[in-house]
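Quick notes on the structure that follows.
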Amino acid sequence: MDFQIDTADVLAVSDPELSELLSQVYVDGDFVTPEMAVSLVDPAAVRSRGKIIAARKQQSLQLAGMVIVVYPDSPARRLAQGDETEMHLLGVKSEYRGKGLGRALVAAAIHDAKQCGYSKMILWTQPTMHAAHRLYEISGFVRAPGRDFIRAGRDFKVYEKEF
């Protein structure tokens with residue numbers, strides 16, 4: 001794989017890069033409305049959630065993808081309990097999909113949570129995100145339908161992975 005994966009700090013990910021990537025993935029992908037995206041893509045809010053793990057294309061250095069590991073002490077944590085972590089905002093730019101980058105970012109997030117000694121990772125996704133569902137299942141996540149929820153008129157499916 002010709003991507004460098006590391007923390008956003010190490011890769012010097014800028015605020016405009018974060019906003020552009022999340023806008024492309026979530027707004028252009030029709031998973032959130034432009035109005036909802038205002039807070040979703042706000043760089044300060046994104047950075048405050050937890051540890052951002054990012055990927056850059058090695059030759060062009062373009063930001064290609066990202067994911068956030070949300071720890072138990074983060075105010076952004078929504079569903080996790082006890083020593084569970086959450087995975088937020090996995091996103092890969094469309095031109096880099098199908099190259100294993102999403103799988104590598106999920107693996108990096110899982111590795112980080114395990115290294116920190118957490119027991120489980122929780123994530124949620126929309127019913128229409130079929131490629132994401134397959135990725136999560138391949139990565140060892142299982143559905144937790146008892147945790148499913150509706151927010152802002154949208155259904156969300158919850159997945160979890162025990163370590």
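Residues in the stretch 28-37: is at least one of a type in the set (Phe, Trp, Tyr) and either in contact with a Gly (Cβ under 6 Å, 6 or more places away or on another chain) or not in a strand (DSSP E or B) (or both)? Break it down into steps so the answer makes sense when it comes.
So the first thing to find is which residues in the stretch 28-37 are of a type in the set (Phe, Trp, Tyr), and the list is 31.
Filter again for either in contact with a Gly (Cβ under 6 Å, 6 or more places away or on another chain) or not in a strand (DSSP E or B) (or both), leaving 31.
The answer is yes; a qualifying residue exists.
For (1) of a type outside the set (A, V, I, L, M); (2) farther than 18 Å from Asp30 by Cα, each residue gets a yes or a no:
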position: Val69; (1), (2): no, yes
position: Glu84; (1), (2): yes, yes
position: Lys99; (1), (2): yes, yes
position: His111; (1), (2): yes, yes
position: Gln126; (1), (2): yes, no
position: Ala131; (1), (2): no, no
position: Glu137; (1), (2): yes, yes
position: Gly140; (1), (2): yes, yes
position: Asp155; (1), (2): yes, no
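A quick yes/no check of all residues on (1) in a strand (DSSP E or B); (2) closer than 20 Å to Gly65 by Cα; (3) among the hydrophobic types (A, V, I, L, M, F, W, C):
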{"residue": "Ala109", "(1), (2), (3)": "no, yes, yes"}
{"residue": "Lys114", "(1), (2), (3)": "no, no, no"}
{"residue": "Gly117", "(1), (2), (3)": "no, no, no"}
{"residue": "Trp124", "(1), (2), (3)": "yes, yes, yes"}
{"residue": "His133", "(1), (2), (3)": "no, yes, no"}
{"residue": "Tyr136", "(1), (2), (3)": "no, yes, no"}
{"residue": "Gly140", "(1), (2), (3)": "no, no, no"}
{"residue": "Lys157", "(1), (2), (3)": "yes, no, no"}
Residue match in the stretch 92-107 (condition: surrounded by fewer than 22 Cβ atoms within 10 Å (Cβ to Cβ), within 15 Å of Tyr136 (Cα to Cα) and touching a strand residue (DSSP E or B) at 6+ places or on another chain (Cβ under 8 Å)): yes
Does the stretch 27-43 contain at least one residue that is within 20 Å of Val69 (Cβ to Cβ), crowded, with 18+ Cβ neighbours inside 10 Å, touching a residue at least 24 places away in the same chain (Cβ under 8 Å) and of a type in the set (Phe, Trp, Tyr)? no
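Of Glu160, Glu84, which residue is at pLDDT 95 or above, surrounded by 16 or more Cβ atoms within 10 Å (Cβ to Cβ) and either among the small types (Gly, Ala, Ser) or closer than 18 Å to Arg49 by Cβ (or both)? Step through it out loud before you land on a result.
On the way: Glu160 fails: either among the small types (Gly, Ala, Ser) or closer than 18 Å to Arg49 by Cβ (or both).
Selected residue: Glu84, the only one of Glu160, Glu84 that is at pLDDT 95 or above, surrounded by 16 or more Cβ atoms within 10 Å (Cβ to Cβ) and either among the small types (Gly, Ala, Ser) or closer than 18 Å to Arg49 by Cβ (or both).
Which residues, counting only those in the stretch 117-143, are under 18 Å from the mean Cα position of the chain (by Cα) and either among the hydrophobic types (A, V, I, L, M, F, W, C) or at positive phi (or both)? First the steps, then the outcome.
Of the stretch 117-143, the ones under 18 Å from the mean Cα position of the chain (by Cα) are 118, 120-143.
Met121, Ile122, Leu123, Trp124, Met129, Ala131, Ala132, Leu135, Ile138, Gly140, Phe141, Val142, listed by residue number.
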Does at least one position in the stretch 56-67 carry a residue that is surrounded by 14 or more Cβ atoms within 10 Å (Cβ to Cβ), in contact with a Lys or Arg (Cβ under 7 Å, 6 or more places away or on another chain), within 23 Å of Lys157 (Cβ to Cβ) and modelled with pLDDT of 95 or more? yes
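The values are calculated or read from the model by the stated rules, or taken from the named source; none is laboratory data. From a predicted model like this one, the values you see are computed outputs, not experimental measurements. As a convention, Cβ positions derive from the backbone with ideal geometry for all residues, glycine included, and neighbour counts pool all protein chains shown.
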